[in-house]
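Have a look at the structure below, then the notes.
The values are calculated or read from the model by the stated rules, or taken from the named source; none is laboratory data. Everything quoted here is computed from the prediction, not taken from an experiment. Because the Cβ atoms are built from the backbone with ideal geometry, glycine has one as well, and the counts that use them run over all protein chains shown.
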Amino acid sequence: MPMSTTITSAVRRGLAAVAAIATLCSVAACGSGASADGASAGKLAVVASINQWGSIAEDLGGDHVDVTAIMSKTNVEAHDYEPTAQDVARIGSAKVAIVNGAGYDPWASKAVESTDAALVDAAAAGGVKEGDNPHVWFSSKVRSAAADAITAAYSQADPSHKDDYEQLNKDWHAKEDTLESKIEKISAMTAGLSYAATESVAWYLADDLGMIDATPKGYKQAAANESEPTAADIKAFQDALEDGSVKALVLNTQETNSTTDQITSAAKEGGVPVVELPEQMPHEYGDLIDWMDALVDDFASAAK
């Protein structure tokens, strides 16, 4: 993406966020069916920027929390999302706010700055910084670190239920441990397997599975910069799929166009399995770990 376009987009998003924040107080006062803090009576008000972290927030809070996920649709691009005044009001009324971080949802991080909500930055909790791959919910390490950070925030905001939060955390980790054991088992099949991706959304999961990212460099850089790949980049991708040097294709179904259609066609012609997935958690999964579990199966199938 040209620098001027990037700056214009950033300014546009920033102005939208500022405008939304400016109406925070008036909108926050207009809710119905909830207490003054935005939650059902007696529950801790929690807001997550995306449904992936919202699902973990629910698992870790049980009946003591009222969780709202602002983004929950697989046809919305989180990077460029512009928050509404209602979105920002929800963040402003929360006691705990959970953002993805690493530059993925800057609108959410910005909104939290003007509130008293306890902030949990999932990427930062897992040691991932801005500029790194921001799709951190695919990482076992980040999921575990973020879960512990959420539990700590709950215990501080609602100390009367600290013991319950600690038990829910143990229950969640038991489920995550089962997933990680499965990943380790499946990695016996997938370790060293070369794959290419139309966008690096599942990089962390593929890395946990020991897979090797063989996406052609030019195409990968174009995708990371949100710019158009050159004809040579596309040709290199197609050649890699057709000559057998790439054993699986990962397709971000949330970002498809004529270029990804060309690449998918080349994969089919070359007999290369395609693992399809969106960025946002699909509605058929109410739990992030369940979604990851299903994706591990998909990668295992592609390795056979």
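Output the residues belonging to segment 49-65 that are closer than 13 Å to Tyr154 by Cβ and among the small types (Gly, Ala, Ser). Listed by number, the residues that qualify are Ala57, Gly61, Gly62. Where helices (runs of 4 or more DSSP H) sit wholly within segment 60-169, those with at least 3 residues that are out of contact with any helix residue (DSSP H, G or I) (no Cβ under 8 Å at 6 or more places or on another chain) occupy 140-157. A single member of Val272, Val296 is more than 19 Å from Ser140 (Cα to Cα), surrounded by 13 or more Cβ atoms within 10 Å (Cβ to Cβ), modelled with pLDDT of 95 or more and not assigned by TED's automatic domain parsing to the domain that holds Glu77, and it is Val272. Does segment 122-131 include one or more residues that are buried (at least 20 other Cβ atoms within 10 Å of the Cβ), under 17 Å from the mean Cα position of the chain (by Cα) and more than 26 Å from Val296 (Cα to Cα)? No; the residues of segment 122-131 include none that is buried (at least 20 other Cβ atoms within 10 Å of the Cβ), under 17 Å from the mean Cα position of the chain (by Cα) and more than 26 Å from Val296 (Cα to Cα). Quick one: Gly101 ticks every box in (1) more than 30 Å from Ala294 (Cα to Cα); (2) under 13 Å from the mean Cα position of the chain (by Cα) except a single one, so which number is it? Condition (1) is where Gly101 drops out.
When Val296 is tested against the conditions (1) free of Cβ contacts under 8 Å to residues at least 40 places away in the same chain; (2) over 23 Å from Ala224 (Cα atoms); (3) of a type in the set (Val, Ile, Thr), the lone failure is (1). On the basis of being under 24 Å from Ser200 (Cβ atoms) and crowded, with 16+ Cβ neighbours inside 10 Å, does Leu168 make the cut? For Leu168, the condition - under 24 Å from Ser200 (Cβ atoms) and crowded, with 16+ Cβ neighbours inside 10 Å - is not met.
Restricting attention to segment 286-304, the residues being part of a loop (DSSP other than H, G, I, E, B) and in contact with an Asp or Glu (Cβ under 9 Å, 6 or more places away or on another chain) number 2. Within segment 57-77, the set of residues being out of contact with any strand residue (DSSP E or B) (no Cβ under 6 Å at 6 or more places or on another chain), surrounded by 22 or more Cβ atoms within 10 Å (Cβ to Cβ) and among the small types (Gly, Ala, Ser) comprises just one member, Gly61.
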